[in-house]
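**Student:** Just passing along the structure, written as structure tokens.
The values are calculated or read from the model by the stated rules, or taken from the named source; none is laboratory data. Source: prediction; values computed, not measured. Positions of Cβ are generated from backbone atoms using ideal geometry, with glycine treated the same way; all protein chains shown enter the neighbour counts.
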Amino acid sequence: MRLNQKIAKPVVSADFLTQWSKSSRRRSFGLPAPDILADTDGELIFHLLNDPQNLPENGAQHANIVQIVSSRKGEGTSTIARDLALLAADRHEWRVLLIDLGPLGPDSQAEALKVRLARHHAIQAHKESRDYTGRPSLIPAMPTLEQHGGLYHIGQTGLYVTVAVSEDEAIAPGSQWSAIFAAARRGFDLVIVDSPALDSSYCSVVLAPLVDTTLITLAAESTRLGVAQNLRDRLMLAGGNIAGVILNKRRFHIPASIYSRI
């Protein structure tokens with residue numbers, strides 16, 4: 001039986017080493033390349049978010065508030081959330097808010113973006129250090145991660161990321177999150193909620209009925225199907241909607257032409 005039949009949700013595979021597709025990315029704003037998601041992966045996920053069953057009641061053309069969560073720590077949820085935010089801000093030129101629900105410290109989304117911005121700028125500076133005449137050329141300044149209150153903004157892009165939220169703040173009453181999401185809808189095209197794994201926090205279950213839809217990440221080579229099914233059932237029992245499952249950490253690439261057969 002196919003995986004999407006077993007879990008009763010669409011499945012997308014996020015593959016490492018997809019360098020073949022990186023040249024097609026439009027990084028016009030100096031954003032770093034995603035770590036895992038290729039263009040085809042991102043577009044398949046955006047297609048799921050455009051599915052009528054995942055649309056909010058406000059008439060939007062795609063799901064505005066999307067939660068990403070896994071059953072266990074270490075399944076790549078934060079990387080997938082960050083990659084999807086980068087693709088949406090770059091390829092689609094959307095205003096994107098990435099809500100970081102932990103952890104605090106060096107593993108936060110803001111810190112990860114700082115590292116990737118510096119690395120991306122160093123690579124671009126090396127490539128552009130001389131123009132076609134062999135003379136030194138003007139190297140664009142590295143986009144900065146500017147903090148405004150509880151938000152970081154990346155340069156002149158449409159990408160914003162929150163300061164990491166503590167667990168106590170993350171499990172705030174639903175009424176507080178409803179107000180936060182209502183305000184976010186007015187200011188952003190897409191809001192991605194990077195939720196902690198179910199084995200460390202109940203936050204994703206609290207938020208499930210408040211977001212438009214949830215994407216579940218699954219470590220393809222290690223996570224047992226029953227664990228993912230349990231997460232799906234917990235979220236749906238709470239009143240949440242599941243858009244699909246993202247297979248992460250595969251050891252081989254699955255071409256886009258056969259995604260639909262998984």
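**Student:** Restrict the check to the range 193-206 and report whether at least one residue is within 18 Å of Asp83 (Cα to Cα) and of a type in the set (Ser, Thr, Tyr).
**Tutor:** Yes, the range 193-206 has at least one match.
**Student:** Test Asp168 against the stated conditions and say whether it is over 15 Å from the mean Cα position of the chain (by Cα) and either part of a loop (DSSP other than H, G, I, E, B) or modelled with pLDDT of 90 or more (or both). Spell out how you get there, then give the answer.
**Tutor:** Working: over 15 Å from the mean Cα position of the chain (by Cα): yes; either part of a loop (DSSP other than H, G, I, E, B) or modelled with pLDDT of 90 or more (or both): no.
No; evaluated as a whole, the condition is false for this residue.
**Student:** Can you find a residue that is of a type in the set (A, V, I, L, M, F, W, C), modelled with pLDDT of 90 or more, surrounded by fewer than 20 Cβ atoms within 10 Å (Cβ to Cβ) and on the phi < 0 side of the Ramachandran plot anywhere in the range 87-96? Outline the logic, then answer.
**Tutor:** Taking the range 87-96 and keeping what is of a type in the set (A, V, I, L, M, F, W, C), we get 87-89, 94, 96.
Checking which are modelled with pLDDT of 90 or more leaves us with 87-89, 94, 96.
Checking the rest, the ones that are also surrounded by fewer than 20 Cβ atoms within 10 Å (Cβ to Cβ) come to 94.
With on the phi < 0 side of the Ramachandran plot added as a condition, the list becomes 94.
Yes; the residues of the range 87-96 include at least one that is of a type in the set (A, V, I, L, M, F, W, C), modelled with pLDDT of 90 or more, surrounded by fewer than 20 Cβ atoms within 10 Å (Cβ to Cβ) and on the phi < 0 side of the Ramachandran plot.
**Student:** To continue, here is another question. With the condition kept exactly as written, say whether any residue in the range 226-234 is surrounded by fewer than 21 Cβ atoms within 10 Å (Cβ to Cβ), in a strand (DSSP E or B) and either at pLDDT below 90 or out of contact with any Pro (no Cβ under 6 Å at 6 or more places or on another chain) (or both).
**Tutor:** We begin by selecting, within the range 226-234, every residue surrounded by fewer than 21 Cβ atoms within 10 Å (Cβ to Cβ); these are 226-227, 229-230, 232-234.
Filter once more, so that each one left must be in a strand (DSSP E or B): none.
No, there is no match, as no residue in the range 226-234 is surrounded by fewer than 21 Cβ atoms within 10 Å (Cβ to Cβ), in a strand (DSSP E or B) and either at pLDDT below 90 or out of contact with any Pro (no Cβ under 6 Å at 6 or more places or on another chain) (or both).
**Student:** Which one of the conditions (1) buried (at least 16 other Cβ atoms within 10 Å of the Cβ); (2) modelled with pLDDT under 90; (3) closer than 17 Å to Gly76 by Cα does Ile254 fail to meet, given that it meets all the rest?
**Tutor:** Status for Ile254: all satisfied but (3).
**Student:** Can you tell me which residues in the range 29-59 are over 23 Å from Ala184 (Cα atoms), assigned to a loop (DSSP other than H, G, I, E, B) and at pLDDT 80 or above?
**Tutor:** The answer is Pro32, Ala33, Pro34, Asp35, Ile36, Leu37, Ala38.
**Student:** Six or more apart or on different chains, Cβ under 6 Å: which pairs go from a residue in the range 37-60 that's farther than 12 Å from Asn241 by Cα to one that's modelled with pLDDT of 70 or more and part of a helix (DSSP H, G or I)? Could you list them?
**Tutor:** The qualifying pairs are Leu37/Asp83; Gly42/Leu87.
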